[in-house]
1. Which residues, taken from the range 69-114, are among the hydrophobic types (A, V, I, L, M, F, W, C) and part of a loop (DSSP other than H, G, I, E, B)?
2. Could you check the range 79-114 and list, in sequence order, the residues that are under 11 Å from the mean Cα position of the chain (by Cα) and not aliphatic (A, V, I, L, M)?
3. Scan the range 44-59 and give yes if some residue there is surrounded by fewer than 14 Cβ atoms within 10 Å (Cβ to Cβ), modelled with pLDDT of 95 or more, farther than 14 Å from Val21 by Cβ and out of contact with any His (no Cβ under 8 Å at 6 or more places or on another chain), otherwise no.
4. In the range 36-63, what residues are under 12 Å from Arg97 (Cβ atoms) and outside any loop (DSSP other than H, G, I, E, B)?
5. Go through the residues of the range 69-81 one by one and say whether even a single one is among the polar types (S, T, N, Q), at pLDDT 95 or above, closer than 14 Å to Val39 by Cα and surrounded by 14 or more Cβ atoms within 10 Å (Cβ to Cβ).
Amino acid sequence: MRHALAFLLLATPALADLPVVEEVVAREDGAGWTFSVTVRHADAGWDHYADGWSVFAPDGAELGHRELLHPHENEQPFTRSLAGVEVPDGLSEVVIRAHDSVHGWGDGYVLTLP
């Protein structure tokens, strides 16, 4: 039992390393949708940082991707935008997921479109 507890305590920090989408603002204009996404992640330099986020349809199809070109160690959380995302007619929700260079995709943030 003691070993199982120690394992759980050691495993917990790995979960904290996933990037978290904290907020999303979306607006539609003539050129598609613009998404402003706020991400929090414990960036630790070039070897481990949030390196992008994507907008997905509920069926998993990627609608747009914002690459993040550098770590944001001293700017947490941070917000970046992506314009010109084409959202298919009739879609009322999208899922935004952030990605990091070590652990991959974080949990999805479901946004009901305005």
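1. Scanning the range 69-114 gives Leu69, Val87, Leu91, Val102, Leu113.
2. Residues satisfying the conditions are Thr79, Arg80, Arg97, His99, Asp100, Gly104, Trp105, Gly106, Asp107, Gly108, Tyr109.
3. Taking every residue of the range 44-59 in turn, at least one turns out to be surrounded by fewer than 14 Cβ atoms within 10 Å (Cβ to Cβ), modelled with pLDDT of 95 or more, farther than 14 Å from Val21 by Cβ and out of contact with any His (no Cβ under 8 Å at 6 or more places or on another chain).
4. Answer for the range 36-63, where residues must be under 12 Å from Arg97 (Cβ atoms) and outside any loop (DSSP other than H, G, I, E, B): Val37, Val39, Ala50, Gly52, Trp53, Ser54, Val55, Phe56, Glu62, Leu63.
5. There is no residue in the range 69-81 that is among the polar types (S, T, N, Q), at pLDDT 95 or above, closer than 14 Å to Val39 by Cα and surrounded by 14 or more Cβ atoms within 10 Å (Cβ to Cβ).
The values are calculated or read from the model by the stated rules, or taken from the named source; none is laboratory data. On a predicted model such as this, the values are computed, not experimentally measured, just so you know. Positions of Cβ are generated from backbone atoms using ideal geometry, with glycine treated the same way; all protein chains shown enter the neighbour counts.
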